[in-house]
1. Which residues, taken from segment 84-114, are part of a loop (DSSP other than H, G, I, E, B) and within 17 Å of residue 70 (Cβ to Cβ)?
2. Just one of the numbered conditions (1) assigned to a helix (DSSP H, G or I); (2) within 18 Å of residue 179 (Cα to Cα); (3) touching a helix residue (DSSP H, G or I) at 6+ places or on another chain (Cβ under 6 Å); (4) at pLDDT 90 or above is not true of residue 117; which one?
3. When you scan segment 363-373, do you find a residue that is over 19 Å from residue 242 (Cβ atoms), in a helix (DSSP H, G or I), at pLDDT 75 or above and not assigned by TED's automatic domain parsing to the domain that holds residue 84, even just one?
4. Of the residues 139, 166, 151, 146, only one is within 27 Å of residue 323 (Cβ to Cβ), at pLDDT below 95 and surrounded by fewer than 18 Cβ atoms within 10 Å (Cβ to Cβ); which?
5. Condition first: within 17 Å of residue 145 (Cβ to Cβ), modelled with pLDDT under 90 and in contact with a strand residue (DSSP E or B) (Cβ under 9 Å, 6 or more places away or on another chain). Can you find one or more residues in segment 15-35 that meet it?
6. Is there a residue in segment 387-405 that is part of a helix (DSSP H, G or I), modelled with pLDDT under 85 and farther than 24 Å from residue 89 by Cα?
7. Anything in segment 163-207 that is in contact with a helix residue (DSSP H, G or I) (Cβ under 8 Å, 6 or more places away or on another chain), over 18 Å from residue 140 (Cβ atoms) and not in a helix (DSSP H, G or I)? List them, or say none.
8. Taking segment 54-83, which residues are in a helix (DSSP H, G or I) and on the phi > 0 side of the Ramachandran plot?
């Protein structure tokens, strides 16, 4: 299904398309259900792995090792996974990665159930899971825009962007209760079921198509990087997104964990708000939301009470959701479909970087103190946002729709 529609009025000038809901289209509804279960499976599997390695070792360091074991291979494969998403049928990659992800979780569940699991088993599965997720993410970002027309693309992007954020809260909460009531191996088996559901969903989805002009992997990879480098807006948004995940979420990980229940409603409100917004002031919205998130995290880090911290965290999550989804909308609307996988593969690295954010936070907190350590990331982000606002006019005056303002 084409993602482009006419942008001309009677005078021949560009005009925005009329907005529609992505959920009005059957292919996207199928994709949404499968992705909802898959994203929760991804998070539930991570929770179960963390609890299992803690039971086996009792070491805080082992938790960091597991996070790095997932994030590092994911970052490497993200980029090359984007090439695969453009070169081959993205739907098939999604289906294949879902099956492999399910098989890995079932394997770990069986080892755990039989009492023969060892720490190196968990680390090895974590590395392989990172490789699978690294291929899955850019394929997902390249594929779902093909399921809706241009009029519903913004809706599709905001809905897709909210899936992982929701799963980050729902899966740990329900998964923790499930594992506490049963055992870690049950968590692995349930998570595997989520990946199987995604595989089944791909069987009912249309093909996106693949590139007919295939060159070497390196040259195709260079095309994606060149496109980002030559489009200043995309380059700046990429830097902001990476910095936000590393400095904002990583730098404030401790304070956010104490109020993780404050994330779901604000995240959903941000998604709904963005679907209704006109996009005329997208640049100011992106920068303002990022600044609001960082500034609020400074307050969260110094919150005098848990309840006040949770209220502030809700505001922070609203700002973070606004920033992430609005930036993603602006990027997706500017990427040609032929290289969408390669470009979005680079942006997908930001999710992997977020997993590593807690590592430098812990080291910094140990060196200068917990509260002082949590202030560093947001302060750096605020300085970066101010610099972008002052020096990058195209970003500051960005319209969501490239047909109206590039």
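The values are calculated or read from the model by the stated rules, or taken from the named source; none is laboratory data. Please read these numbers as outputs of a predicted model, since none were measured by experiment. Cβ: placed from backbone, ideal geometry, glycine included. Neighbour counts: every protein chain shown.
1. none
2. Exception for residue 117: condition (1).
3. no
4. Unique residue meeting the criteria: 151.
5. no
6. Checking segment 387-405: not a single residue is part of a helix (DSSP H, G or I), modelled with pLDDT under 85 and farther than 24 Å from residue 89 by Cα.
7. 183
8. Selection gives nothing.
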